[in-house]
Amino acid sequence: MCCVLRSLAQIPSFIPPEVNWYPSAPLRNTTRRQKNALKIVASTGAKTKTRSQEDDYHATLKALNSKGRTPRKSLGQHYMLNSAVNEQLAAAADVKEGDVVLEIGPGTGSLTNVLVDSGATVLAIEKDPYMAALVRERFANTGRVEVLQEDFTKCHIRSRMFSYLEADSVDTKFQYAKVVSNIPFNISTEVVKQLLPMGDIFSEVVLLLQEEAALRLVNSSLRTSEYRPINIFINFYSDPDYKFKVPRTSFFPQPKVDAAVVAFKLKQAVNYPPVSSTKSFFSMVNSAFNGKRKMLRKSLQHICTSVEIEEALGKVGLPCTARPEELTLENFVSLYNLVVKV
């Protein structure tokens, strides 16, 4: 969730009369050339890539105050004050002209602005009705942004995206969309679980997450306490890549932790590991980790006998005393194909 001021030339076309997106501080610190450029842009709408005003604390407050809002801790709202991070987010997904991008929780529309400036069409989903209205008003004249006032964790995103993409590609070839979002930290795992199995819709999912969560999701190693079913899930459906760290000072209000950007390159169904049923596969994985310190021959006894599990582990090249944190994704797939009968 963010708040970014775009180039001087874009400000008049993006901002409705009732919302002032300029910083509250006067322009006394700008050069004479910058002041003249501002006058020219305001009167002519001329296009320029000059940035004389970057987002700051005052601009964010002004945008929020226009709707009588303050950041809500219960919603995990932390607004981006560093426009360069939004540029890097878009670059991590290689957003370009003609792309369709899903943004979750656009806040005041700063990242949305970068995506639109990159030539993308944006479907934004915002839970807060005031922020949804603000973004809808801000981009009303662009023809590139549609805002849905919904809770992402409860909406039917697959059907929404199919409808959106089909409408967008009536006269062109169907294209895969991308996800680029600065999401609330408190729903990051749920968002990942919903999006990664959607390789039939999205090609890339780029998310700004709490740094600790980002590292745990991407870099967890075998035989550590951080190795969990979510790591199997992520690598089953995608190729994750830790991109860069974002210091906590980039946000308002400042969170207690740093953030990081992770890119998930989604796999197509034909490239998933070979299992007869993804549902029963992950059921087995979850059962294995429910007794994390238990040996698999104990925790999977509801599937088959301990002897059969030991034999299967031997065929996979693992000891009969193996525990779940010792198995890679490939190990779990091989074990599943040996012991589960669907």
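Every number here is computed from the coordinates shown, using simple stated rules; none is lab data. The shown structure was predicted, so the numbers you read here are calculated from the model rather than taken from an experiment. Neighbour counts run over all protein chains shown; Cβ positions are idealised from the backbone, glycine included.
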Cross-link partners of Lys294 among aspartates and glutamates (Cα-Cα below 15 Å; sequence separation of 8 or more within a chain): Glu310, Glu325, Glu326
Spatially proximal aspartates and glutamates relative to Lys256 (Cα-Cα < 13 Å; intrachain offsets below 8 disregarded): Glu211, Glu212
Using only the alpha carbons of segment 265-342, determine the length spanned along each of the three principal axes and report them from longest to shortest in whole angstroms. 35, 23, 22
Order of 82-91, 296-305 by packing, highest average Cβ count within 10 Å first? 82-91, 296-305
Label point distance in nm, Arg248-Arg223, each placed 7 Å from Cα along Cα→Cβ: 3.3
Pairs beyond 21 Å (Cα-Cα), from Lys67/Lys127; Lys193/Lys267; Lys178/Lys265; Lys127/Lys267; Lys265/Lys315: Lys127/Lys267; Lys265/Lys315
Calculate the spin-label point distance for Asn141 paired with Lys341, positioning each point 7 Å from the Cα along the beta-carbon direction, and give it in nanometres. 6.9
What are the ³J(HN,Hα) values, in whole Hz, obtained from phi via the Karplus relation 6.51 cos²θ - 1.76 cosθ + 1.60 with θ = phi - 60°, for each residue of segment 126-141 in sequence order, with x given for Gly and Pro? 10, 6, 6, x, 6, 5, 4, 5, 4, 5, 4, 5, 4, 10, 4, 8
Lys and Arg at +1, Asp and Glu at -1: add these up for the other residues within a Cβ distance under 15 Å of Phe264 and post the number. 0
Lys and Arg at +1, Asp and Glu at -1: add these up for the other residues within a Cβ distance under 9 Å of Gly105 and post the number. -2
Using the Cα centre as the reference, give the magnitude of the dipole from point charges on the C-beta atoms of segment 119-251 (Lys, Arg: +1; Asp, Glu: -1; all else neutral), rounded to the nearest 20 debye. 300
